[in-house]
Structure formats: structure tokens, C-alpha cells
Amino acid sequence: MEDAVGKSVEDHVIRQEENRNKGKINKMEGCEMMIVRFMGVLLCLAAAVVAGVSEESSIISLATLAPCLPPVDLSVTAKWHYLSSTVYLVVANAIACLYAAASLLLCFVSWRNKRYSTTFPLLILDLMMVALLFSANGAATAIGLVALHGNSHTHWHKLCYLFHRYCIYGAASIVVSTLGSLVFLCLVVLAALKLYRE
């Protein structure tokens, strides 16, 4: 009889210890997810701002575009909203930043109140943000490469030698946006692992 009581007390103590450890792990998972989401907010905000402030003016000669034209100098300005791919990049990062901020608040509320699990809905929405950001990065990168190297088949001239700072800002925003999309990809992986464990 004493052995049975001793064993049940021992089992009870072991279960309590496991529950305490599980609670610590779950709290840490919530903190990690919130930290990663906060990184997503910062990176997407930085990418949208850097792409949105890119503007540069330059003076070009018409003779450099085509030798048959007269050597007339023109002042030309490159702005972020002149290219639809850059507009798409700014809007996609703004959407991802707003979503990351809202989901960060939702995660905090869910972390404090364990009754509601937001893992699966946020997994789906995070996956949508990954697709949105990667498509915007791809579009901006494609147009950026045409601006850098030109395209002789379609007679598109290089532009980055004229608008050097504008191209640097564009490249920086693409790099930061790609880091932001990788953060959202990490969120998808973390949520999938959490669902797998449950």
C-alpha cells in the first residue's frame, strides 16, 4: 500500500515538473515569435522608407542616347513612383509592416491569454506575406537589373550610371525587403513546428 502511495506521489511530482518545464518552453516560444515579428516590422518599415525616399536628378545629353540627336542637355529626375515595380515594393512592404504590427499585438494578447490559439491563422497570413514580399522583391530586382545593365535586344539603356544614388537606394531597399521576407519565412517555419508538436 505504501509503495502504491509513494509511486502515485512520485508520479504527481514528475507531472508537475514536466508541466512547469512545458510552461517555460511555451512562454519562450511566444517570446521568440514576438521578437521575430518585431524584426519583421522594422525590416519592412525600413525597406518601404528607403525605397520611398529614393529620388535623384541628373543632367544628360541627348547625344549620349542617340548619336544622331543634337547635343542638348536635359535635366532628368528619377523618382520611386515612376517605376511600377518600385511602387509595388513600397506598397508590399507597407502592407507587410502593418500586418506584422497587428499580428504582434495579436500574439501578445494570445500569449497573455492562453484560451485562444492564433498559430494556424497567423501561419496562413504569414505565408501570404512571404509570397507578397518575394514577388515584390523579384519584380524590383528584375527592373533594377535592367536599369543596371540595360537590354540591348529591346534598346533599353543603362540608367544606373546616370542615377547612381537612386540605384543604390533601390538595391538597399531590395536587400532589406528580402531580409524581411526571410523573417516571415522563419515565422512560417516556427508556426509549422509549433503545430507539429501539438
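The values are calculated or read from the model by the stated rules, or taken from the named source; none is laboratory data. Worth saying up front: this structure is predicted, and the values here are computed from it rather than measured. In this analysis, Cβ positions are derived from the backbone assuming ideal geometry, glycine residues included, and neighbour counts consider all displayed protein chains.
Miscellaneous remarks
- Across segment 149-191, the number of residues qualifying as touching a His at 6+ places or on another chain (Cβ under 8 Å) and among the charged types (D, E, K, R) comes to 1.
- Residue check, residue 196 out of contact with any helix residue (DSSP H, G or I) (no Cβ under 7 Å at 6 or more places or on another chain) and in a helix (DSSP H, G or I): yes
- Residue under evaluation residue 167, criteria (1) surrounded by 18 or more Cβ atoms within 10 Å (Cβ to Cβ); (2) at pLDDT 95 or above, criterion not met: (2)
- Yes/no for residue 135 being outside any loop (DSSP other than H, G, I, E, B), small (Gly, Ala, Ser) and out of contact with any Ser or Thr (no Cβ under 6 Å at 6 or more places or on another chain): yes
- Inter-residue pairs, beta-carbon under 6 Å, first part of a helix (DSSP H, G or I) and in segment 91-108, second of a type in the set (Ser, Thr, Tyr) and at pLDDT 95 or above, 6+ apart: 93/177
- Residue that is under 17 Å from residue 36 (Cβ atoms) and within 20 Å of the chain's Cα centre (by Cα), where the choices are 110, 103, 84, 135: 103
- Candidates are the residues of segment 35-72 that are hydroxyl-bearing (Ser, Thr, Tyr) and surrounded by 16 or more Cβ atoms within 10 Å (Cβ to Cβ); the one that is farthest from the chain's Cα centre (by Cα) is 58.
- One residue from 135, 61 being modelled with pLDDT under 90, over 30 Å from residue 198 (Cβ atoms) and not charged (D, E, K, R): 61
- Among the residues listed as 178, 118, 154, 141, the single one being of a type in the set (S, T, N, Q), at negative phi and without any contact (Cβ under 8 Å) to a residue 12 or more places away in the chain: 154
- Considering residues of segment 157-175 that are free of Cβ contacts under 8 Å to residues at least 40 places away in the same chain and not in a helix (DSSP H, G or I) only, the residue nearest to residue 81 (Cα to Cα): 160
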